[in-house]
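Before any comments, here is the structure.
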Amino acid sequence: MPDAATNPVAPPGDLPGLLWASFKATVLREGLGHLLLSAALLLLVCLVLGKLLLWLLKFLFRRFSVDPIMHGFLLSLTRFGLVCITVVLVALSLGVPPSALVALISVVGLAVSLSIQGALSNLAGGLVLLATKPFRVDDYIEAAGVSGTVVNIGLVYTTLNTPDNKVVLMPNSELSSVKIINYSGNANRRVDLYFNAALETPVEQARQAILAAVDRVENVVYDPEPFVGVSSFGEQYVQYILRVWVNNAQYRTATFSLLETVKEVFDERAIRMTFNHLQLHIGVPPDPSS
């Protein structure tokens, strides 16, 4: 007759009892010390091999110039897979039957999937972002009312660094379903600025002054050529529009420089920047006794 200690039988549906009985049988057969030592050594080997595998992946990413947008995502996915494999191998070394382990994984997987539906949708969103590539690491983007530089794309969140140095974690599910503006998508970017000059200023004089200011600013691209034209008329001024292309990385710096330089050139050439104003004439009230 088979020994009940070495062949544990649990009632149907009694998964914890089956696992415990299998563990006790393995302890009786191999000894608790030997069993724990084997599991510890296996765990150590798995951790070391996992570290080596992650290091190898990072080396291959750098060696073959893999898109940086995929680095964090693939490394996070690999770490998760290594943890799952390590848990399964250690459990098998402790005497857990494969059939019971599969049943346990199924139950745990179902419970986890129901409790982290949001995280799973973020994971799916991350896969969509990797496939479509609407932006890359170091791109400056705007989405869902948030603007910032992309630092990392993880399994669940995409990390943005805002201009005022705040770290924003954007859910991947949200990023994959909203409008994204990528300001770094092209090498050059157009600056549109408006300037006012007094009505008596000749149009050509104002145009040449604005173009002279453009020539003093660095990072301006002259293909296509800068454009200056009359945009609208006010009661006291003529409004001009300046459209000029600049290097994308220097967009903000070039914009500030253009504003300052146009004011300097207008002052040098005695061009008044007039705005609408209201004049109040206060008179002496009449004498009621007269």
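Each row is one residue, and each column tells you yes or no for (1) of a type outside the set (A, V, I, L, M); (2) modelled with pLDDT of 90 or more; (3) surrounded by fewer than 15 Cβ atoms within 10 Å (Cβ to Cβ).
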position	(1), (2), (3)
ALA144	no, no, yes
THR162	yes, yes, yes
LYS166	yes, yes, yes
SER176	yes, no, no
ILE180	no, yes, no
SER184	yes, yes, no
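Return the residues of region 39-93 that are aromatic (Phe, Trp, Tyr) and under 30 Å from ILE141 (Cα atoms); say none if nothing qualifies. PHE59, PHE61, PHE64, PHE73, PHE80 - these are the residues of region 39-93 that are aromatic (Phe, Trp, Tyr) and under 30 Å from ILE141 (Cα atoms). Taking the criterion of being closer than 27 Å to VAL217 by Cβ, at pLDDT below 95 and either surrounded by 15 or more Cβ atoms within 10 Å (Cβ to Cβ) or in contact with a Cys (Cβ under 7 Å, 6 or more places away or on another chain) (or both), would at least one residue in region 275-290 satisfy it? Taking every residue of region 275-290 in turn, none turns out to be closer than 27 Å to VAL217 by Cβ, at pLDDT below 95 and either surrounded by 15 or more Cβ atoms within 10 Å (Cβ to Cβ) or in contact with a Cys (Cβ under 7 Å, 6 or more places away or on another chain) (or both). Just one of the listed residues (SER65, SER93) is modelled with pLDDT of 70 or more, in contact with a Ser or Thr (Cβ under 6 Å, 6 or more places away or on another chain) and in the same structural domain as ALA39 (by TED's automatic domain parsing), and it is SER93. The residue pairs whose first member lies in region 119-130 and is surrounded by fewer than 17 Cβ atoms within 10 Å (Cβ to Cβ), whose second member is among the aromatic types (Phe, Trp, Tyr), and whose beta carbons are closer than 7 Å, counting only pairs six or more residues apart or on different chains, are LEU130/PHE73. I'd like the residue in region 36-52 that is at pLDDT 80 or above and surrounded by 14 or more Cβ atoms within 10 Å (Cβ to Cβ) and, out of all such residues, is farthest from THR158 (Cα to Cα). Filtering region 36-52 for residues that are at pLDDT 80 or above and surrounded by 14 or more Cβ atoms within 10 Å (Cβ to Cβ), the one farthest from THR158 (Cα to Cα) comes out as LEU42.
Surrounded by fewer than 18 Cβ atoms within 10 Å (Cβ to Cβ) and modelled with pLDDT of 95 or more, is that true of LEU193? It is true that LEU193 is surrounded by fewer than 18 Cβ atoms within 10 Å (Cβ to Cβ) and modelled with pLDDT of 95 or more. Considering only residues in region 191-220 that are without any contact (Cβ under 8 Å) to a residue 60 or more places away in the chain and of a type in the set (A, V, I, L, M), the one that is nearest to GLU235 (Cα to Cα) turns out to be VAL203.
Within region 132-190, the set of residues being in contact (Cβ under 8 Å) with a residue 40 or more places away in the chain, out of contact with any helix residue (DSSP H, G or I) (no Cβ under 8 Å at 6 or more places or on another chain), not β-branched (Val, Ile, Thr) and not in a loop (DSSP other than H, G, I, E, B) comprises TYR140, GLU142, ASN182, ARG190. Scanning region 202-229 for residues that are assigned to a strand (DSSP E or B) and farther than 18 Å from VAL265 by Cβ turns up just one, VAL221.
The values are calculated or read from the model by the stated rules, or taken from the named source; none is laboratory data. It should be emphasised that the depicted structure is a prediction, and the values quoted were computed from it without experimental measurement. Note: ideal-geometry Cβ built from the backbone for every residue, glycine included; neighbour counts use all protein chains shown.
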